[in-house]
Amino acid sequence: MRKYTTSSGKVIIKPFNKIWIVLAVLIVLLVIFDQFIYSYQITLSEIGVILKKMFTPDTNDTWGDYFSYIFTLKDPLVLTLQMSFAGSLIGSVLAVPVAFMASSNIMKSKWIYVPVRTLLNLIRTIPAMVLVLIGVYFVGTGVLSGIIGLSLFSFGIMAKMLFEAIETVDMNPYEALESTGANKIQAFKYAVVPQIMPTYVSYLIYIFELNIRASAILGFVGVEGIGKSISDNIPANYDHVGAAVMLLFVLILTIQMLSTHLRGRLQ
Amino acid sequence: MIKFVNVSKTYLNGVEALKSINLEVNDGEFVAIIGLSGAGKSTLLRSINKMIEITSGQILIDDVDIASIKGKELRMMRRSIGMIFQSFNLVKKMSVFNNVLSGRVAYHPTYKTILGLFPKEDKLLALDSLDAMGILDKAFARADQLSGGQQQRVALARALTQKPKLILADEPVASLDPITTVQVMDDFAKVNKEYGITIITNMHHVDLALKYANRIIGVKDGIVMYDGPANGINDEMLVKIYGRSLKHDEVLGETDA
């Protein structure tokens, strides 16, 4: 706080800038965080060592060897793409009827949409990794468990985003369809679906993107794919880990750009 | 034939929209309901296809009491009644053709309509309806590319595609300009005469109601003040219905279109 007195004797007070509080909190958090890291025996310098191992060739290798490893990742990469795509598609299709039931403008009764929404919230609290573990429990660590896990993950996100989109549509055509004698499902198909279709497709692309990102950690529970190429090489071959991470980085960036472009055209 | 017997409607907020209405509308009539906004015109109209449920009394359509019907039977009843809205209520992002075709969904099982399977007759019927409304060439345009008057014609075509006995119109021309208004009203007259479809419409513009309808129902505070031929309406009667003389926005004025 600072007090100013003008030449005419008027006093004006400059209010306290809240940015200092934010900065103070950040510094405190940083100190706590540093303690935390220290207690786990990982120092910042060690992170530096690992990073260096990841993004430079092994002592006996050349940069050529380093990058040639990327080409051996073709199969796991394709697997990851397939799993992510199947998971996005299955989850998103299953999400449609559930989003229908979660929309308060379609289901007028609270007794239907509130329980459905609660269920959706529950599903979304479970991390993708745990959902995949559920898949692993049922079908073992194959591609199928990845698809099951990613489908559940996609389903949770899509159902939530979709019902929120449904609640913003113009309900006038829906009323018109009901007046022609259409039932709820028919009226939904002909009055609501055409309105949310572009949004749905754009969400689908976004979820595909999320799935590829999530699949990077699936390797840690043994599911095949690019994630496994990462987890298998820790800690023996950090250079391979770095190469795989770079590949993943490029892949996600490409899909992000594609999806931004496609979604822009859909609107 | 539609028959109202002592029909009343009280909304949850206590507003009495209809007070013991008794009416009969015969097949083939063109009826206009006039009155102030809030007089109960819309409630009266929407109670006929049960878009609004009445509180007491009976509404009989071809001697069937509609109070008791629900579910599938209600949908069967609704599909024989077309409805036109002030804001057209089309799916703007969908083609005109699909909008019109959607008038047929109640004739088919859900799974077929979900897959978008319509018999060829339905598609031809939709195109015929568009042709009758003079907008066949717009069939595959997106609905939002059409002007307001054209959109209301699409809505009329959708209603025609239902093969209805009756069309209910809730302020069909209230959001149109005067020239388009006359064109759309001409279409209503055509639907009434050529297809023999009964028309019941709410009208904001009194002169239009008098020009097109052969019967006027004047409503004030949920009570029928006048029910008779259009030529029985005079200034005195209008004051009775409106509680005052007409404001200039309640008449359309001269249009020679």
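Summary table
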quantity: A:Asp170-A:Val28 FRET efficiency (beta carbon distance; Förster radius 56 Å; 0.05 resolution); calculated: 0.70
quantity: Within region A:48-116, trypsin sites (Lys or Arg not before Pro) in DSSP loop having at most 12 other beta-carbon neighbours inside 10 Å; calculated: A:Lys108
quantity: DSSP loop GluC sites (Glu not before Pro) with at most 14 other Cβ within 10 Å excluded, longest remaining stretch of chain B; calculated: B:54-253
quantity: Accessible area expressed per residue, region B:84-148, with surrounding protein chains retained (probe 1.4 Å, Å²); calculated: 47
quantity: Förster radius 35 Å - calculated FRET efficiency between B:Gln145 and A:Lys74, Cβ distance, rounded to 0.05; calculated: 0.15
quantity: Å² of accessible area per residue within chain A, as computed with a 1.4 Å probe and no ligands counted; calculated: 57
quantity: Residues in region A:223-245 reached by a label modelled at A:Asp58 [backbone nitrogen below 17 Å; 7 Å Cα→Cβ]; calculated: A:229-245
quantity: Of the chymotrypsin sites (Phe, Trp or Tyr not before Pro) in region A:178-267, those whose Cβ has at most 15 other Cβ within 10 Å and which sit in DSSP loop; calculated: none
quantity: In nm, spacing of pseudo-spin labels at B:Val5 and B:Asp249 (7 Å Cα→C-beta vector); calculated: 4.1
quantity: Above-threshold pairs, the threshold being 22 Å between Cα atoms, out of B:Lys92/B:Lys190; A:Lys189/B:Lys112; B:Lys92/B:Lys123; B:Lys3/B:Lys70; A:Lys160/B:Lys92; calculated: B:Lys92/B:Lys190; A:Lys160/B:Lys92
quantity: Cα radius of gyration and Dmax for region A:65-172 (Å); calculated: 17.6, 63
quantity: Under 24 Å from A:Lys228, Cα to Cα: lysines that are on another chain or at least 8 residues apart; calculated: A:Lys52, A:Lys53, A:Lys74
quantity: Residues whose placed amide H lies under 5 Å from that of B:Ile217, excluding near-sequence neighbours; calculated: B:Ala32, B:Ile33, B:Ile34
quantity: Exercise: per-residue mean of other protein chain Cβ atoms within 10 Å, B:150-160; calculated: 1
quantity: 10 Å Cβ neighbours from other chains, averaged over peptide A:160-171; calculated: 1
quantity: Modelled FRET efficiency - R0 35 Å, B:Gln58 with B:Asn214, Cβ distances, 0.05 increments; calculated: 0.85
quantity: Within the accessible area of region A:1-134 (1.4 Å probe), percent carbon and sulfur; calculated: 73
quantity: The protein assembly as shown - Kirkwood radius from inverse mean 1/r over Cα pairs (Å); calculated: 28.3
quantity: Per-residue average of Cβ from other chains inside 10 Å of B:84-94; calculated: 6
quantity: Overall Cα dimensions of chain A, principal axis frame, Å, largest first; calculated: 79, 75, 36
quantity: Descending Cα extents along the principal axes, region B:92-192, whole Å; calculated: 43, 29, 21
quantity: Long-range tail of P(r) for chain B (Cα pairs > 31 Å, %); calculated: 25
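The values are calculated or read from the model by the stated rules, or taken from the named source; none is laboratory data. Because the structure is predicted, anything quoted here is derived from the model rather than measured. Neighbour counts run over all protein chains shown; Cβ positions are idealised from the backbone, glycine included. Side chains are part of the model used for accessible areas, which takes the heavy atoms of the whole protein and leaves out ligands, DNA and RNA. Shrake-Rupley method; radii C 1.70, N 1.55, O 1.52, S 1.80 Å.
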